[in-house]
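J.: Can you read through this structure? Questions will come right after.
The values are calculated or read from the model by the stated rules, or taken from the named source; none is laboratory data. From a predicted model like this one, the values you see are computed outputs, not experimental measurements. Every residue, glycine as well, gets a Cβ built from its backbone with ideal geometry; the counts of neighbours run over all protein chains shown. These area figures cover heavy atoms from the full protein model, side chains too; ligands, DNA and RNA do not enter into them. Shrake-Rupley method; radii C 1.70, N 1.55, O 1.52, S 1.80 Å.
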Amino acid sequence: QVPIIGLVMNDRGFISRVLCPKFGGYLTFGSLEKGKESAPSQPTAADLINVYNIRQIGPDTKVFGIIGNPVGHSKSPILHNEAFRSVGLNAVYVPFLVDDLAKFLSTYSSPDFAGFSCTIPHKEAAVRCCDEVDPIARDIGAVNTIIRKPDGKLVGYNTDYVGAISAIEDGIRATQQTHSTVSPLAGRLFVVIGAGGAGKALAYGAKEKGARVVIANRTFARAQELGNLIGGPALTLTELENYHPEEGMILANTTAIGMHPNVNETPLSKQALKSYAVVFDAVYTPKETRLLREAAECGATVVSGLEMFIRQAMGQFEHFTGMPELQIA
Ligand SMILES: NC(=O)c1ccc[n+]([C@@H]2O[C@H](COP(=O)([O-])OP(=O)(O)OC[C@H]3O[C@@H](n4cnc5c(N)ncnc54)[C@H](OP(=O)(O)O)[C@@H]3O)[C@@H](O)[C@H]2O)c1
């Protein structure tokens, strides 16, 4: 028997490079700088040390991570690893490129894999894969946070809706003089583009705050389904271009349109954007999407997906650790 260290290439193999010290490997390696990799998806040595805290990883380190496809664009590892480091937790957070969520969860079933964030396209499947689902996540129909309890049961939550809605409310309040406790979304016409996990969370949250919600989606049947669920009308993306029933509407893009690398794409023309007073984009890579740039040029208040990203991640941190949310500067 010859001991070996297996370091696996490409996005799927990335975790082997980071988790190597947890499973007995005495070395792993990274490139000296970005662009100088000797194999696909090799991290830099600086990222291994500074992002993944590789020197602290050992057999007792708890593993958390983001499940998605694609997942390489996610900034969650940077945020969560820094949060773990700041409270001295023996834990690491990695990206998991996953095709089949149920298969992934039954394979990575050790208690050492203690919690997961879920992103595109697994949030709806996550509701079915959890043993218990928080009532709000069940109502929304999407789970973005999974915790493995000590008895092995998987519990699902949704932190997207609070993250997104509070970001939009604070964005609007920052432009107002009043300090009213009533939500600035109350009574407003709130158009959600997209009917996936993030779309459901935004639609549910806006309705909770008293907004009149409209859903527009590429697959019209899904727009209708979500519209029926929250009691609002459904539109096709073509209809949305000429939708202008009133002034001062709020728009929330929850599709991946405009996400890196397709940064020149946008879900709505600049002409149509003129009807909106507030525009939010769930996409946060890049921070300023074409949609937000053009909305600002039209005079709208814009709210970046980065605000939602930080807030939903801090909600996840609380579920992962049982500690109160951190304030990220
Ligand atoms: N800022 C944050 O913290 C945050 C949090 C969650 C999600 N997000 C972002 O939100 C986006 C959606 O995530 P999700 O989890 O909701 O994904 P999801 O459940 O897979 O839903 C994707 C939605 O986007 C639509 N879509 C995808 N590609 C499209 C295209 N080319 N043209 C038109 N519509 C398209 C889909 O329409 P169909 O129904 O027709 O397929 C569906 O409505 C992603 O970019 C994700 O990164 C950001």
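J.: Per residue, how large is the accessible surface of region 175-256? Use a 1.4 angstrom probe and give square angstrom.
T.: 48 Å²
J.: In region 238-312, if the dipole is taken from +1 on Lys/Arg beta carbons and -1 on Asp/Glu beta carbons about the Cα centre, which of Tyr243, Ser275, Met259 is farthest to the positive end?
T.: Met259
J.: Then there's this: What are the ³J(HN,Hα) couplings of region 193-209, residue after residue, when phi is run through the Karplus curve with 6.51, -1.76, 1.60 and θ = phi - 60°? Round to Hz, x for glycine and proline.
T.: 9, x, 9, x, x, 5, x, 5, 5, 5, 5, 4, x, 5, 5, 4, 8
J.: Expressed as a whole number of Å, what is the distance separating the alpha-carbon centroids of region 135-167 and region 186-204?
T.: Region 186-204 and region 135-167 have Cα centres separated by 17 Å.
J.: Now for a separate question. Amide H to amide H under 5 Å from Val133: which residues, 5+ apart in sequence or cross-chain, H placed 1.01 Å off N in plane?
T.: Here the answer is Gly156, since their amide H atoms fall under 5 Å of that of Val133.
J.: Based on Cα positions only, what radius of gyration and what Dmax would you give for region 10-158, in angstroms?
T.: 15.5, 48
J.: Output wanted: per-residue J couplings in Hz (rounded whole) for region 277-286, from phi through Karplus 6.51 cos²θ - 1.76 cosθ + 1.60, θ = phi - 60°, x for Gly and Pro.
T.: 8, 9, 10, 10, 10, 5, 5, 10, 10, x
J.: Let me ask something else. Would you mind working out the magnitude of the charge dipole of the chain relative to its Cα centre, with +1 at each Lys and Arg C-beta and -1 at each Asp and Glu C-beta, to the nearest 20 Debye?
T.: 340 debye
J.: With an 8 Å cut-off on Cα pairs and a minimum separation of 6 or more residues, tell me the relative contact order of the chain in percent.
T.: 12 percent
J.: Hey, with R₀ at 35 Å, roughly what FRET efficiency would Lys287 and Ser106 work out to, going by the Cβ-Cβ distance, to 0.05?
T.: Efficiency computed from Cβ-Cβ geometry: 0.45.
J.: Search the structure for amide H atoms under 5 Å from the amide H of Thr159, placed 1.01 Å from N in the peptide plane, and list their residues when 5 or more places away or on another chain.
T.: Hits under the 5 Å cutoff: Asn144, Thr145.
J.: Using DSSP to define loop residues, name the GluC sites (Glu not before Pro) in region 31-84 whose beta-carbon has at most 11 other beta-carbon atoms within 10 Å.
T.: Glu33
J.: Around Gln224, with a cut-off of 13 angstrom between Cβ atoms, what is the net charge of the other residues, counting Lys and Arg +1 and Asp and Glu -1?
T.: 0
J.: How about region 62-114: which trypsin sites (Lys or Arg not before Pro) there lie in a loop by DSSP and see at most 15 other Cβ atoms within 10 Å?
T.: For trypsin sites (Lys or Arg not before Pro) across region 62-114 that sit outside H, G, I, E and B with at most 15 neighbouring Cβ atoms in 10 Å, the list reads Lys75.
J.: Lys and Arg at +1, Asp and Glu at -1: add these up for the other residues within a Cβ distance under 14 Å of His179 and post the number.
T.: -1
J.: Would you mind telling me the share, in percent, of accessible area of region 161-308 contributed by carbon and sulfur at probe 1.4 angstrom?
T.: 50 percent
J.: Then there's this: Would you please give the FRET efficiency between Thr175 and Ser269, computed as 1/(1 + (r/R0)^6) with r the Cβ-Cβ distance and R0 = 35 Å, to the nearest 0.05?
T.: Efficiency, rounded to the nearest 0.05: 0.90.
J.: What's the extension gain from Glu132 to Ser38 if we count 0.36 nm per residue and subtract their Cα-Cα distance?
T.: Going from the current span to full extension adds 29.5 nm.
J.: Output the relative contact order of region 203-312, whole-number percent, from Cα pairs under 8 angstrom with separation of 6+ residues.
T.: Once normalised by length, the contact order is 19 percent.
J.: Could you work out how far the C-alpha centroid of region 279-329 sits from that of region 1-40, in angstrom?
T.: For region 279-329 versus region 1-40, the Cα centre distance is 32 Å.
J.: Report, to the nearest 10°, how far helix 305-321 tilts away from the longest principal axis of the Cα atoms in the chain, using its own Cα long axis and a range of 0 to 90°.
T.: Roughly 50 degrees, rounded to the nearest 10.
J.: While we're here: Evaluate the relative contact order of region 10-158 (contact order divided by residue number), counting alpha-carbon pairs under 8 angstrom at least 6 apart; express in whole percent.
T.: 19 percent
J.: Dipole of the chain (Lys/Arg Cβ +1, Asp/Glu Cβ -1, origin at the Cα centre): which of Gly13, Ala137, Gly196 lies farthest to the positive side?
T.: So the residue we want is Gly13.
J.: Can you list residues from other chains, or at least 5 along the same chain, whose modelled amide H is less than 5 Å from the amide H of Gly258?
T.: Glu265
J.: Further, regarding this structure: Counting only protein heavy atoms, what percent of the accessible surface of region 10-158 is carbon or sulfur at a 1.4 Å probe?
T.: Answer for region 10-158: carbon and sulfur cover 54 percent of the accessible area.
J.: Which ³J(HN,Hα) values in Hz, rounded to whole numbers, follow from the phi angles of region 45-54 under the Karplus curve 6.51 cos²θ - 1.76 cosθ + 1.60, where θ = phi - 60° and Gly and Pro get x?
T.: Those phi angles translate into 4, 5, 5, 4, 7, 8, 8, 8, 6, 4 Hz.
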